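Okay, so here's the structure we're looking at.
The values are calculated or read from the model by the stated rules, or taken from the named source; none is laboratory data. On a predicted model such as this, the values are computed, not experimentally measured, just so you know. Cβ placement follows ideal geometry from the backbone for every residue including glycine, while neighbour counts extend to all protein chains displayed. Side chains are part of the model used for accessible areas, which takes the heavy atoms of the whole protein and leaves out ligands, DNA and RNA. Shrake-Rupley method; radii C 1.70, N 1.55, O 1.52, S 1.80 Å.
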Amino acid sequence: MSPRDASRTTLSSAASMRVLAHPTRLRLLGLLRERGPLTAAQLGDVVDEAPGTISYHLGKLASIALIEPAEAQSTDHRERWWKATTLLTSWEPADLLDDPDKLAASSVLQKSIAQAYAARFTDYIDATPALPREWVAAGASGDRSLRLTVEELGTMRAELEALVTRWVDASAAHDPATADGAEPVVLVYQANRRP
């Protein structure tokens, strides 16, 4: 892995990409980022896995510095608490095109992430009838087929990242401990050349 900034870990090795590609590890990392420090038992309750299995996966995530031990959040000092080290994990697939091993690992990781996104969206669709009407109306899903140059696609990527950053900042202004009407929202966007 390469150095990370305060908000992002950049994966640069095939081994680190393979570690993260496991669906349970992706989910655990996401939960730690969304909910803050948790124990293996707490995570096991959410993902319906035994604490021993969760501990194994947490150890794998810690081995690539995506999570680290956290300060205890309770008086039971036998519990081991974990937290995410950064808010984002990234890698640049274009940088891997000359390394078949890294490219293969990136492909496996991207497919695992795509499956997790699809499962999350399916859960949303199933839950829609029970959600408040205004939340359903405020949601968005769509796609467009565009004809762009590589430079235009790069510009759109930069603009999308800037837009997301603006809303990440807005999200950070909401304190989960207060009842200000904010709820967790999932944002997934893609823009790529059609093969």
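Name the single residue, out of those in the range 149-195 being of a type in the set (A, V, I, L, M, F, W, C) and open to solvent by 100 Å² or more (accessible area, probe 1.4 Å), that is nearest to ALA127 (Cα to Cα). That would be VAL185.
Taking each residue of the range 171-187 that is at pLDDT 90 or above and looking for partners that are in a loop (DSSP other than H, G, I, E, B) and open to solvent by 80 Å² or more (accessible area, probe 1.4 Å) with beta-carbon atoms closer than 7 Å, six or more apart or interchain, yields ASP180/HIS174; ALA182/HIS174. Listed by first and then second residue, the pairs linking a residue in the range 98-126 that is under 22 Å from LEU29 (Cα atoms) to a residue that is not in a helix (DSSP H, G or I), with Cβ atoms under 7 Å apart and 6 or more places separating them unless they lie on different chains, are SER106/TRP91; VAL108/ALA21; LEU109/ALA21; SER112/ALA21; TYR117/VAL188; ARG120/VAL186. For the condition among the polar types (S, T, N, Q), more than 22 Å from the chain's Cα centre (by Cα) and either at pLDDT below 95 or not in a loop (DSSP other than H, G, I, E, B) (or both), THR165 does not qualify.
Filtered by the rule that a residue be farther than 15 Å from LEU187 by Cα, surrounded by 10 or more Cβ atoms within 10 Å (Cβ to Cβ) and of a type outside the set (S, T, N, Q), the range 126-135 gives ALA127, LEU131. Among the residues here, LYS83 qualifies as at pLDDT 95 or above, in contact with a Gly (Cβ under 9 Å, 6 or more places away or on another chain) and open to solvent by 30 Å² or more (accessible area, probe 1.4 Å). Scanning the range 15-52 for residues that are closer than 28 Å to LYS102 by Cβ and either touching a Ser or Thr at 6+ places or on another chain (Cβ under 6 Å) or open to solvent by 10 Å² or more (accessible area, probe 1.4 Å) (or both) yields a count of 14.
Looking only at residues of the range 136-148 that are within 11 Å of ASN192 (Cα to Cα) and in contact with a helix residue (DSSP H, G or I) (Cβ under 9 Å, 6 or more places away or on another chain), we find that the one that is most open to solvent (accessible area, probe 1.4 Å) is LEU146. Residue pairs whose Cβ atoms lie under 8 Å apart, separated by 6 or more positions or on different chains, with the first residue in the range 60-75 and buried (at least 16 other Cβ atoms within 10 Å of the Cβ) and the second of a type in the set (D, E, K, R), are LYS60/ARG25; LEU61/ARG25; ILE67/LYS83; ALA70/LYS83. Remark: TRP91 falls outside the filter, which requires a residue to be over 19 Å from LEU20 (Cα atoms) and touching a residue at least 24 places away in the same chain (Cβ under 8 Å). Evaluate the following for SER112: is it open to solvent by less than 70 Å² (accessible area, probe 1.4 Å) and either touching a Pro at 6+ places or on another chain (Cβ under 9 Å) or small (Gly, Ala, Ser) (or both)? Yes; evaluated as a whole, the condition is true for this residue.
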